[in-house]
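Accompanying notes for the structure given below.
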Amino acid sequence: MGRRNRNVNKFAQRKRERKEQAKNPQEKPAADTRKHYEDIVRENAAFEEYYKNQKVCPEEEWLDFMTSLKENLPTAFRITGSKCEADALLNIVKSEYFSDILNMKIKNEDKEEEEEIKPISLPWYPGGLAWQLRLSRTDIRRNELLYKLHNFLVAETAAGGVSRQEAVSMIPPVVLKVEPHHKVLDMCAAPGSKTAQLIEFLHAEEDKVPTGFVMANDVDNSRCYMLVHQAKRLNSPCILITNHDSAVMPSLITTDEKDPTVTKPLKFDRILCDVPCSGDATLRKNPDIWLKWSTGNGNNLHGIQYRILRRGCELLAVGGRLVYSTCSFNPIENEAVIHRLLQEIGESVKLVDVSDMLPGLKFHKGMTHWRPASKDMVFYDKYEDVPEKWQTVVRPQMFPPKPEDLDKYNLEKCIRILPHHQDTGGFFVAVFEKTSQLPWEKAEEQKMETNETAEVSKEEKKEPPKKKRRMGGYREDPFVFFSGDTEDVFPSIKEYYDLKSDFDSTCLLTRCHVGKKKNIYLVSSVVKDVVQKNENNIKIINTGVKTFVRCDNKNMTCPFRLSQEGLPSISQYIGPKRRVNILKEDLILVLQNDNPSNPPDIKLFSEHTQNLVKDFATGSCILEYQDTESNLKLTLVGWRGVHSLRAYTATPDTVHYLRLLGADYSKYDVNKFKKASDVSDEADTNNVAEVSQCSTSENEPNGDKENNGDVSTNETSNINST
């Protein structure tokens, strides 16, 4: 008998399979039968029969419900970022983009008539920052009149100023009521739009690092990297991304605030439980669901949805709040899961009515009666009626509460959003609060044995673990925290950037034990504690925000430059000697001249700025701008060359800042409907002034070239092409 669980060489296995196939050729697989969304017939008789029988919608609304489901989903987005930037961007959106389309009409192909596309502010979203347009993504992409709006959404999404997200998908983080001190867990986080909202709410108090954090988890390793991408746009030192099956999420520990020498179980103040579901409430966005919908989809998912919710309740702190949500109409995935949990846990967790947090939102209350069905579309009123062959599909836990027990569960406090209510997708939301320990939670769990993780010893540093290859990819790089102010590279960083004494250098980390430190990341102190106490118990994919980047340059006394990603987190600790309070016209000059091989010469700047940077040492610095007429404040990474000054920002950020400053960014705002020759002619015309403006420094014998103290061209070009 061979060894069990032995490693299999996948490459050799594939080679054997190819040889086997050559010996025994099989019939070619059937052709791809998938259809373009526009060609899909948006009908499914089983879907209509099932939901008519379940009475998810009042009979008098059924026609509106089905009509709405067959139409394309409107575009929705929200303004993100710091309050001053969000306010400025919102004013620009209203004045420059919405004003052009307020009276515009566009042909609705579904109704074969023209409709107004007036923007609608979602009344229930805080700050009026979320908007919906009666336009699908296809409409925006294909209509030449809307190309500027399309370019705006694409560019600002890349820069992190806008998040494009389905309107109803924004609801769970709103009702979760996250505050800066909360420990937050997003159990099924990918692709990350809701996670982004959680981080935004966590950072509600600007100019302060939150004392809480967000742990974003997903079971799919590849989807975890979508979360990494979202996190990079949000520039937060307070996020961890983990890769686990949330139904069996491991118990974590943290340092006890009362006695730092011991640990205690980590319980979360807020948990988002947006579980995997059949997704039939997203039919407007994903029409292919019409082709593959069946009653079995919801029945098959009920068990895993329950297990995730149950584990979430175990990880929730007493007094904490948990939100369970799906994008499904099916009561088997919604109220049946809620009912099953409440049956088991008694009164230790209760449903909460949050309708007062969502002013202006139209919805139906949760269902109190439904009928589970087998795959042959037979409905059952009680489990005893289920034939033996279907008893593994229709389970006893899927049935509704008895009429006399309805008051125990308060299922009407759940929220059901249907697409015809306010021209959205469908959604289900239930909000729980934990009032006491669950029946099966043992008291001794609160006294877990201390499992302190010591700082990496010098001996371990000498012999770092080798990066072993395994099937399916490499192991994650380690998280190596700085030992303190004596860390080899830190003294030069501290002196060069004039870091304040209260900066905690032990919150800096790298992803390697030996070799040159290329990127240095920053985390908050609470995230550092969670990582150090649990990295052997949980698979952490990513954490921290990139703060310093190695930039070996002969004219730079410190080998590390600042990173724009981490600037909001580190800026408050950097002293005045690496700061430049730049004027508006100078900042615009810096941003518009973004060619790294030909940065703007110091002589082109105002006398004010020239005097400020006259005695500046070559290298990385902070460019600060404060609008005297508004509360707009911009902070950018700059680079002081021998004879030049430039911004060190990626192209999307450059466009974002130029837009906020009301400056010209037309060279980035290309009309894709025009011929390439027309666009290039316009670009040549627009660039004449720039070329003549920069020619002074280029033609000088001692001009400010790329190797005289500025950042290398190749490195910056890569950034600007992001």
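Once backbone amide H atoms are built at 1.01 Å from N, S644 has I602 as its partners under 5 Å, excluding neighbours fewer than 5 places away on the same chain. Estimated at the nearest 10 Å², the accessible area of Y665 is 30 Å² with a 1.4 Å probe. Packing-based ranking of 173-181, 279-287, 57-65 yields 279-287, 173-181, 57-65, ordered from highest to lowest mean Cβ neighbour count within 10 Å. Entry note, the range 480-650: relative contact order of 18 percent, from Cα contacts under 8 Å with a spacing of 6+ residues. Taken one residue at a time, the phi angles of the range 530-546 give Karplus couplings (6.51, -1.76, 1.60, θ = phi - 60°) of 5, 5, 5, 7, 10, 5, 8, 10, 9, 7, 8, 7, 7, 7, x, 10, 5 Hz. Gly and Pro are set to x. In the range 34-167, Cα pairs under 8 Å separated by at least six residues give a relative contact order of 29 percent. Annotation: amide H-H contacts under 5 Å for A189 (H modelled 1.01 Å from N, sequence separation of 5 or more, or interchain): N217, D218.
Measuring against 22 Å, Cα to Cα, the residue pairs K94/K177; K94/K633; K375/K413; K183/K434 contain K94/K177; K375/K413 as the ones spanning a longer distance. Got a sec? Charge dipole of the range 132-211, +1 on Cβ for Lys and Arg, -1 for Asp and Glu; which of L145, G192, S169 is way out at the positive end? Positive-most Cα among the choices belongs to L145. Expressed as a whole percent, the accessible surface of the range 480-650 that belongs to carbon and sulfur atoms is 46, based on a 1.4 Å probe. Based on the Cβ-Cβ distance of H181 and Q610, what FRET efficiency does E = 1/(1 + (r/R0)^6) give at R0 = 60 Å, to the nearest 0.05? The pair H181/Q610 has a calculated efficiency of 0.85. Temperature 20 °C, viscosity 1.002 mPa s: under these conditions the Stokes-Einstein estimate for the range 171-442, based on its Kirkwood radius over C-alpha pairs, is 109 µm² per second. A simple spin-label model places pseudo-atoms 7 Å from Cα toward Cβ; at E49 and R550 they are separated by 6.6 nm.
Among beta bridges from DSSP that stay inside the range 480-650, the antiparallel ones total about 90%. Remark: the range 171-442 carries a charge dipole of roughly 320 debye about the Cα centre, counting +1 on each Lys and Arg Cβ and -1 on each Asp and Glu Cβ. Per residue, the range 34-167 exposes 51 Å² of accessible surface when a 1.4 Å probe is rolled over the protein heavy atoms with every protein chain present. From the alpha carbon centroid of the range 623-670 to that of the range 495-512 is 26 Å. Residues in the range 351-442 average 49 Å² of solvent-accessible surface per residue, probe 1.4 Å, ligands and nucleic acids excluded. Note: relative contact order over the range 171-442, using C-alpha pairs below 8 Å and six or more positions apart, is 20 percent. The translational diffusion coefficient of the range 193-243, from Stokes-Einstein at 37 °C and 0.692 mPa s with a Kirkwood hydrodynamic radius over alpha carbon pairs, comes to 293 µm²/s. Phi-derived couplings, Karplus 6.51 cos²θ - 1.76 cosθ + 1.60 at θ = phi - 60°, listed residue by residue for the range 639-652: 9, 8, x, 4, 10, 9, 9, 9, 8, 10, 10, 6, 4, x Hz, with x used for Gly and Pro. Annotation: peptides 318-329, 632-643, ranked by per-residue average of other Cβ atoms within 10 Å with the highest first, follow the order 318-329, 632-643. Over the range 228-332, the fraction of Cα-Cα pairs per 5 Å bin, rounded to whole percents and listed from the shortest bin up, is 2, 10, 15, 16, 17, 16, 11, 6, 3, 2, 1, 0. Each peptide in 485-494, 191-200, 413-422, 615-624 was scored by the mean count of other Cβ atoms within 10 Å over its residues; highest first, the order is 191-200, 413-422, 615-624, 485-494.
Placing unit charges on the Cβ atoms of the charged side chains and taking the dipole of the range 34-167 about its Cα centre, the candidate lying farthest along the positive direction among A130, V41, N53 is A130. Applying 0.36 nm per residue to the separation of K500 and E59 and subtracting their alpha-carbon distance, the gain on full extension is 152.1 nm. Across the range 624-631, computed HN-Hα scalar couplings (Karplus, 6.51 cos²θ - 1.76 cosθ + 1.60, θ = phi - 60°) run 10, 9, 10, 6, 6, 9, 9, 9 Hz from first to last residue, x flagging Gly and Pro. Look at the dipole of the range 171-442 built from charges on Cβ: of T392, Y306, T263, the Cα furthest out on the positive end belongs to T392. For T557, the accessible area of its heavy atoms, probed at 1.4 Å with every protein chain present, is near 110 square angstrom.
Dipole check for the range 140-245: with +1 at the C-beta of Lys and Arg, -1 at the C-beta of Asp and Glu, and the Cα centre as origin, the magnitude is about 300 Debye. Legend: translational diffusion of the range 480-650 by Stokes-Einstein, Rh = Kirkwood radius over C-alpha pairs, 20 °C, 1.002 mPa s; D = 124 µm²/s. Accessible surface computed residue by residue for the range 480-650, with neighbouring protein chains in place and a 1.4 Å probe, gives 39 Å² per residue.
With every protein chain in place and a 1.4 angstrom probe, the accessible-area ranking of E335, E433, E17, largest first, reads E17, E433, E335.
The values are calculated or read from the model by the stated rules, or taken from the named source; none is laboratory data. Bear in mind that the values here come from a model prediction, so they are computed numbers and not experimental data. Neighbour counts are summed over all protein chains in view; Cβ atoms, including those assigned to glycine, are modelled from backbone coordinates with ideal geometry. In case anyone asks, the SASA skips ligands and DNA or RNA and just uses the protein heavy atoms, side chains included. Shrake-Rupley method; radii C 1.70, N 1.55, O 1.52, S 1.80 Å.
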